[in-house]
Amino acid sequence: MFKGVFTALITPFKDGAIDMDSLGRLVDDQLNGHIQGLVVCGTTGESATLSETEQFQVLDFVCKKVDKRVPILFGSGTNNTAKTIYLSQKACEYPIDGLLVVVPYYNKPPQEGLVAHFTEVANNVNKPVVLYNVPGRTVTSLKPESIIKLAKHPNIVGIKEANADLNNFSKYKNQVPEDFSLMSGDDESCINFCFLGGHGVISVCSHVAPKEMVEWVGRASDRDESVREEFRQQLRWINSLYITSNPIPTKFALTKKGIISCADVRLPLAPMPEGLQKELLSCFQDFKGLL
């Protein structure tokens, strides 16, 4: 079972190319913060703007750097089932622990198409598949009945539910196998998600505070009620990492921490304006040691 805090890694860029030195420092910092897993080439990793060659360069680098110390998920999902299978099969040649497969975007498939899509992928790979439900980006959402059906597949082992509205999660959480990984994909609501029975979070804000996120999520999983207020007090800086499109603010924050050398993103994303930079920094003023 995948559980705990997984960081959805950014992909650092410099002068238009992947900055492997910065990526190495980032992975080291995450491991030193006792992060419990990593996602490579997900949404936060700007996978949409990475070439296939670049995606597997990043995956190879992270796999070698991690050396099996924590689980690695690779974001292989696209809006084309055949392409998703191809990328997934190629990723399975690396020492990964699973595949994070997003709901197909843009096509707006019906539920029967979504079930068939994930079933085809799971049937054609030799690594576990984690569903990725993120309706804010894909428009189409996996309905609870589709998730319950897919959870019966022996090679579909969990879900990343990136939805602050926990109603969808509440409708299926008790109708999937006990060993089906229930991972939040929303930093703001992840503590409530764990109190409702979730097993962890695939996080963005753990780039900035891996050790703290592991502690907070662990306490929530242990039903420590005191963590609710403590985490609520963190929401100012957590929400600032979403002040504009992810991962623009996180990359800026990581430059302030000295972990990556620059905050470059690839078009159509754009650098964070100076006004938003100042606003983000002001949100961190009361949280000494994070930046």
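The values are calculated or read from the model by the stated rules, or taken from the named source; none is laboratory data. Just so it is clear, the model here is predicted, and its values are computed rather than measured. Ideal geometry is used to build each Cβ from the backbone, glycine not excepted, and the neighbour counts take in all protein chains shown.
In the stretch 165-194, which residues are surrounded by 18 or more Cβ atoms within 10 Å (Cβ to Cβ) and more than 19 Å from the chain's Cα centre (by Cα)?
Of everything in the stretch 165-194, those that are surrounded by 18 or more Cβ atoms within 10 Å (Cβ to Cβ) and more than 19 Å from the chain's Cα centre (by Cα) turn out to be Tyr172, Lys173, Val176.
Can you name the residue in the stretch 1-17 that is among the aliphatic types (A, V, I, L, M) and in contact with a helix residue (DSSP H, G or I) (Cβ under 8 Å, 6 or more places away or on another chain) and, of all such residues, is nearest to Val70 (Cα to Cα)? Break it down stepwise before answering.
We begin by selecting, within the stretch 1-17, every residue among the aliphatic types (A, V, I, L, M); these are 1, 5, 8-10, 17.
Right, trim to in contact with a helix residue (DSSP H, G or I) (Cβ under 8 Å, 6 or more places away or on another chain) and you get 5, 9-10.
On the way: Val5: 11, Leu9: 14, Ile10: 17 Å.
The qualifying residue nearest to Val70 (Cα to Cα) is Val5.
Testing Gly24 on (1) in a helix (DSSP H, G or I); (2) within 14 Å of the chain's Cα centre (by Cα), one condition comes back false. Which one is that?
Looking at each condition in turn, Gly24 falls short on (2).
Just checking, how many residues over the stretch 179-211 are under 19 Å from Leu9 (Cα atoms), touching a residue at least 60 places away in the same chain (Cβ under 8 Å) and either assigned to a helix (DSSP H, G or I) or charged (D, E, K, R) (or both)?
Total meeting the criteria: 4.
Filter the stretch 41-58 for residues that are in contact with a Cys (Cβ under 8 Å, 6 or more places away or on another chain) and not polar (S, T, N, Q); which is surrounded by the most Cβ atoms within 10 Å (Cβ to Cβ)? Please lay out each step first, then the result.
Initially, the stretch 41-58 is screened for residues in contact with a Cys (Cβ under 8 Å, 6 or more places away or on another chain), giving 47, 50, 55, 58.
From what is left, the residues that are not polar (S, T, N, Q) are 50, 58.
On the way: Leu50: 19, Val58: 22.
Filtering first and then ranking leaves Val58.
Condition first: modelled with pLDDT under 95, part of a loop (DSSP other than H, G, I, E, B) and in contact with a helix residue (DSSP H, G or I) (Cβ under 7 Å, 6 or more places away or on another chain). Now tell me which residues in the stretch 164-178 satisfy that.
Selection gives Leu166 alone.
Quick one: is Glu215 part of a helix (DSSP H, G or I), among the acidic types (Asp, Glu) and closer than 28 Å to Lys278 by Cβ?
Values: part of a helix (DSSP H, G or I): yes; among the acidic types (Asp, Glu): yes; closer than 28 Å to Lys278 by Cβ: no.
For Glu215, the condition - part of a helix (DSSP H, G or I), among the acidic types (Asp, Glu) and closer than 28 Å to Lys278 by Cβ - is not met.
Does Leu99 satisfy the condition of being within 25 Å of Thr7 (Cβ to Cβ), without any contact (Cβ under 8 Å) to a residue 60 or more places away in the chain and either within 15 Å of the chain's Cα centre (by Cα) or surrounded by fewer than 21 Cβ atoms within 10 Å (Cβ to Cβ) (or both)? Walk me through how you get there before you give the answer.
Values: within 25 Å of Thr7 (Cβ to Cβ): yes; without any contact (Cβ under 8 Å) to a residue 60 or more places away in the chain: yes; either within 15 Å of the chain's Cα centre (by Cα) or surrounded by fewer than 21 Cβ atoms within 10 Å (Cβ to Cβ) (or both): yes.
It is true that Leu99 is within 25 Å of Thr7 (Cβ to Cβ), without any contact (Cβ under 8 Å) to a residue 60 or more places away in the chain and either within 15 Å of the chain's Cα centre (by Cα) or surrounded by fewer than 21 Cβ atoms within 10 Å (Cβ to Cβ) (or both).
Hey, among the residues in the stretch 102-147 that are surrounded by fewer than 17 Cβ atoms within 10 Å (Cβ to Cβ) and aliphatic (A, V, I, L, M), which one's nearest to Asn246 (Cα to Cα)?
Val139
Which residues, taken from the stretch 1-42, are without any contact (Cβ under 8 Å) to a residue 24 or more places away in the chain and touching a Ser or Thr at 6+ places or on another chain (Cβ under 7 Å)?
none
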